[in-house]
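Read through the structure below, which is laid out as structure tokens, and then see the notes.
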Amino acid sequence: MGHQEEALHMTPEEQKVFEDKLYAYVGVEVCSRKPAKDAVNETMIRHWTEVMGDTNPAYTDPEWAAQSRRGKTIAPPAMMYVWNQEGYSVASSGRASDPQTEMAEMLNDHGFTGVLGTNVKQEYVKEISPGDTVYVQMVIDNISERKVTARGPGYFFETLATFSDQNGDTIGVQRFRVLKFIPQEQPAASASDDKLQVPTRIASPRGHDNGWWWNAVDEGKVLIQRCKGCQTLRHPPRPMCGECQSMEWDSIESTLDGEIMSFTALRHPKIPGYPADPICAVIKLGEGTNIVSNIVGCDFDDIAIGMKVKGKVEQVDEKTMLPQFYPA
Amino acid sequence: MVANIKDKAVIVGVHNTKFSKDSGVSELSLAAQAVKGAIDDAGLKPSDIDGFATFTMDSNDEIEVARAVGCGDLTFWGRSHYGGGAATGSLHQAVMAVATGMAECVAVYRALNGRSGQRFSSGVSGEIMTADAIHWGWYMPYGLLTPASWVAMFNQRWMHLTGVTKDAMFEVAHSTREYAINNPNAFFHGRSFDRAEYDASRMIADPLQLFDCCQESDGASCVIVTTPERARDLKQPGVAVRGVAQAAAPDQEQMTSFYREEFAAIPEMEIAAKNCFEMSGLSVDDIDAAVIYDAFSPIVLWQLEAWGFCGFGESGDFVLDGALRPGGRLPTNTHGGQLSEAYIHGVNGIVEATRLVRGQSRNQPEKDINHALVTSGVGIPTGGALLGKLDY
Ligand SMILES: [Zn+2]
């Protein structure tokens, strides 16, 4: 918690100092070219293919392979990264310190304790066979700017491993992308902690009378509550019909054809998680009820009361689905 | 049925604390100072206070204020809801208590660190799951989350329907500022501004610019209400409450009544006006001066129409004729208003309306002020009061 607060409270100057140190790792070699402990061998290939359920005879059937155009078995290309793994020695003596572990420690010390491998991308250049030796060399290829993610604020970094054989020919490359992040608190805790600002739009709370409406928006629909007693439409939803006092209701889906009744843009203050100067409007829907929403897809100066608009439900940020209206 | 409170409760003491942008003291300290100041103004003792009225939004418990000031037995406390709608709403509570004998001396107070503490302009956040938060949830995700943006939404449509322009909004802001220049406790004391400066100011929420918006202030105001019998023995000329009303209208929301057939209107204020006139026996022609709630400049215009000083859409011409100025038909917000004195949620307005009737305003009009109007916030459940000279 202490680290998290520290990172979240970094002043722009402190963040600059921290990032200068962080970005110094770009291009740094994590390990220089070194050979795997074991040469490529049939035993490890067999173990791997059995686990993966891969029955390709090119990997495991010497007789079949002898008659193939290669004349010998090959290692599965996806095993490329396997040969240079540290193995059980890491479990007993720990991973030796290297620039990547040093960088990770520095991130940990600033609260970026979370770690998430986000994707691996391999490219294969040359096939290898039992008897070959795989060499690996690895660098920290790039580090992103500070990003806000669903997991929390953090940095993506990518290592680039280059595999080669005993002749120095490149076998392939592997990019491994990792997110180091400040873990988000549980939602219940973060709600009371105003220091944690997740810059998405402020969501409506969802209770008995309105939750169904927002759940429908999440599924791409704007509903209008309808009294089962007298068919009167009402928005925002409420538990009883003001016309006939019935508590029975269903809903209809709006076509989102509408007309602007009034509009404004929130110029000041700027609210984190919102586009600059969001244009808000009261829109009379074709069904007859009014709704407040955003006008998008045109300039503020082109908007007028009486203008026809057409809405659709869109994902407006990482967490938020909202109806948005465009000039019709 | 018409309420029978006319002249049964009298404002006898008023006080404002120093208004500032950073009081450096607690809200309780401000409340205690305001109440004590009003007690002194009336010539009462702390032990005379037996009731309190304030806003649901106020953070100061009545018993804490009572202990701080040294009051004795309390027999009444009541609060009024809906932000600035509670300005005359808290007076309404006090008047009912005094008129019915539930209490004899009720202190109406509002104290806030509205600038150095929680600021209204920072908007609603919906962090707490309440019916109120669910209400704001219809607006927050879109960015419609500040008082200025809600008022702007009404105003854009009202201007569209009436053809009233920013000339009228400027006149409201400017006439108010001219009054503040003479008020040492006003934020804009001694500081004039012109149309060029007004036009050049930052856009807040179209069409509201910076000088269309009130101050955010630290401070407190208090008025003390008692019986006419007691008022006649006190230090200051008594200012009787001729009428006071609270009102909400159908399809009312807090600041966002966008679902009415025509929402560029404030029917709740029309109800308050009708009821105040009925219970007081007064008409609009009897009103000599006014303190009209001015969190934002255009809401003064809408209220002039709601109270019948002019017809719908005519408030622009009304103010551009100089009606709000010292020699005009309705000298208004003579303390500098919330636009230029301080935003104490309208209770500083009750103080000023009382002073106008007493003849003690910093900008006292030359004509006799026999009756003054004071109103509450707009766009919410609201209200107003008509004050007049006791024994007039
Ligand atoms: Zn019904």
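Some values worked out for this structure:
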{"item": "Region A:231-249 residues that are under 20 Å from A:PRO205 (Cβ atoms), paired with ones that are more than 8 Å from the ligand (Cβ to nearest atom) and open to solvent by 90 Å² or more (accessible area, probe 1.4 Å) (beta carbon under 9 Å, 6 or more apart)", "result": "A:PRO239/A:HIS208; A:PRO239/A:MET247"}
{"item": "Flag if B:GLN209 is free of Cβ contacts under 8 Å to residues at least 24 places away in the same chain and open to solvent by 10 Å² or more (accessible area, probe 1.4 Å)", "result": "yes"}
{"item": "Only one of A:GLN197, A:GLN184 that is within 13 Å of chain B (Cβ to nearest Cβ), more than 16 Å from the ligand (Cβ to nearest atom), open to solvent by 50 Å² or more (accessible area, probe 1.4 Å) and at pLDDT below 90", "result": "A:GLN197"}
{"item": "Residue list for region A:42-59, filter: open to solvent by less than 40 Å² (accessible area, probe 1.4 Å) and closer than 11 Å to A:PRO130 by Cα", "result": "A:ILE45, A:TYR59"}
{"item": "Checking B:GLN360 against (1) surrounded by fewer than 19 Cβ atoms within 10 Å (Cβ to Cβ); (2) more than 19 Å from the chain's Cα centre (by Cα), the condition it does not meet", "result": "(2)"}
{"item": "Search result, residues across region A:300-323 that are part of a strand (DSSP E or B) and of a type in the set (D, E, K, R)", "result": "A:LYS308, A:LYS310, A:LYS312, A:GLU314"}
{"item": "Scope region A:252-276; condition over 24 Å from B:PHE154 (Cα atoms) and either at the interface with chain B (Cβ under 10 Å from one of its Cβ atoms) or within 16 Å of the ligand (Cβ to nearest atom) (or both); matching residues", "result": "A:ILE252, A:GLY273"}
{"item": "Answer residue from region B:166-209, given it is within 14 Å of another protein chain (Cβ to nearest Cβ) and assigned to a loop (DSSP other than H, G, I, E, B) and is farthest from A:ALA276 (Cα to Cα) among those", "result": "B:SER201"}
{"item": "Close pairs (9 angstrom Cβ cut-off, 6 or more residues apart or separate chains): in contact (Cβ under 8 Å) with a residue 12 or more places away in the chain in region A:139-151, of a type in the set (Val, Ile, Thr) and in a strand (DSSP E or B) anywhere", "result": "A:VAL139/A:VAL30; A:VAL139/A:THR159; A:VAL139/A:THR162; A:ILE140/A:VAL30; A:ILE140/A:THR159; A:ASP141/A:THR159"}
{"item": "Options B:MET57, B:MET129, B:MET102: the member that is away from every other protein chain (no Cβ under 14 Å), surrounded by fewer than 23 Cβ atoms within 10 Å (Cβ to Cβ), assigned to a loop (DSSP other than H, G, I, E, B) and at pLDDT below 95", "result": "B:MET57"}
{"item": "Any chance A:ILE279 is under 25 Å from A:ILE202 (Cα atoms), within 16 Å of the ligand (Cβ to nearest atom), touching a strand residue (DSSP E or B) at 6+ places or on another chain (Cβ under 6 Å) and more than 8 Å from chain B (Cβ to nearest Cβ)", "result": "no"}
{"item": "Residues being touching an Asp or Glu at 6+ places or on another chain (Cβ under 9 Å), within 26 Å of A:GLN137 (Cβ to Cβ) and open to solvent by 30 Å² or more (accessible area, probe 1.4 Å) - total across region A:60-82", "result": "2"}
{"item": "Some residue of region A:229-251 being more than 12 Å from chain B (Cβ to nearest Cβ), open to solvent by 30 Å² or more (accessible area, probe 1.4 Å) and away from the ligand (no atom under 12 Å from the Cβ)", "result": "yes"}
{"item": "Evaluation of A:GLY220 against (1) in contact (Cβ under 8 Å) with a residue 60 or more places away in the chain; (2) more than 14 Å from the ligand (Cβ to nearest atom); (3) crowded, with 18+ Cβ neighbours inside 10 Å (one fails), failing number", "result": "(3)"}
{"item": "Total residues in region B:210-243, condition assigned to a loop (DSSP other than H, G, I, E, B) and modelled with pLDDT of 95 or more", "result": "10"}
{"item": "Subset tally (residues that are of a type in the set (Gly, Ala, Ser), touching a Phe, Trp or Tyr at 6+ places or on another chain (Cβ under 7 Å) and crowded, with 24+ Cβ neighbours inside 10 Å) for region B:252-272", "result": "0"}
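The values are calculated or read from the model by the stated rules, or taken from the named source; none is laboratory data. Here the structure is a predicted model, which means the values were calculated and not measured. Methodologically, a virtual Cβ is constructed for each residue, glycine included, from the backbone with ideal geometry; neighbour enumeration extends over all protein chains shown. With ligands, DNA and RNA removed, areas are computed over all heavy atoms of the protein, side chains included. Shrake-Rupley method; radii C 1.70, N 1.55, O 1.52, S 1.80 Å.
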